[in-house]
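Read-outs: derived from the displayed coordinates by stated rules, not from any lab. These numbers were taken from a predicted model, which means no experiment stands behind them. When we count neighbours, we look across all protein chains shown, and the Cβ atoms used for this are built from the backbone with ideal geometry, even at glycine.
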Amino acid sequence: MTAIVGITDGNTVVIAGDSAGVGGDVTQPRLDAKVFSNGPYVIGYTTSFRMGQILRYTFKAPALPDSEDGLHAFMCTSFINGVREGLKDGGWASKNNDQEEGGSFLVGVRGRLFEIGHDYQVGEMADGYTAVGCGAEIALGALHATDNTDMTLQARAVAALEAAAHFSTCVRPPFTIVDTAKHED
């Protein structure tokens, strides 16, 4: 289900997502957005609406470190430990062969974009953009094609989602867009 795209210029992070809810052969637009803010963080998720509901409504994101130094380490430790606990408390996390698993989502904060994997790894892409979900490859192609253009971050995100919706049966408008400019600490 879905396409979630994230893009940053080093100052602002834009995360945008579609509205598809997919179950078997049925795809229906949903009203509950897959992108939102939680304190200074903007988050966009795939994998499970339940996971997203926990991240949005019950997860208490830890306070950011005072300086930019160590933000990646903070995301890999304090932030992820909080996510793990929140998903466990919400009854959603799973354990397989003694390895905990969650889901995929993007996080933007302080001008930086992080991709969180099912195994809780934290990635930060060199290109300044990424995408997750079944429409990710299509969206990444569109983000690459619009790189080094005069398009705004928001316009690039919408173009990527439109491409994914055009070619993927699991991606549907309307699109929701959030950015860190309104949510910074």
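Things worth noting here:
- For Lys88 and Asp66, the FRET efficiency from 1/(1 + (r/R0)^6), where r spans their Cβ atoms and R0 equals 41 Å, is about 0.90.
- Using every pair of distinct Cα positions in the range 129-171, the Kirkwood expression returns a hydrodynamic radius of 10.1 angstrom.
- Theoretical gain in end-to-end length, Asn38 to Lys95 [0.36 nm per residue, Cα-Cα removed]: 17.9 nm
- Cα-based values for the chain, radius of gyration first and Dmax second, are 15.5, 48 Å.
- Proximal charge balance of Arg172 [Cβ under 10 Å; K/R count +1, D/E count -1]: 0
- The modelled label-to-label distance for the pair Asp9/Glu137, using points 7 Å beyond Cα in the direction of Cβ, is 3.2 nm.
- Lysine pair number, Cα distance threshold 21 Å (strictly under), the chain, separation 8 or more or different chains: 5
- Think of it this way: in the chain, Cys76 stand alone, with no other Cys Cβ under 4.7 Å.
- Residue-count net charge about Ile7 - beta-carbon cut-off 10 Å; Lys, Arg +1, Asp, Glu -1: -3
- Label positions at Thr169 and Gln28, each projected 7 Å from the Cα along the C-beta direction, are separated by 1.8 nm.
- Note on the range 89-141: Cα Rg divided by 2.2 N^0.38 Å, N the number of residues, gives 1.31.
- Charge context of Glu124, other residues only, Cβ under 11 angstrom, K/R +1, D/E -1: -1
- Placing +1 on the Cβ of every Lys and Arg and -1 on the Cβ of every Asp and Glu, with no other charges, gives the chain a dipole of roughly 620 debye about its Cα centre.
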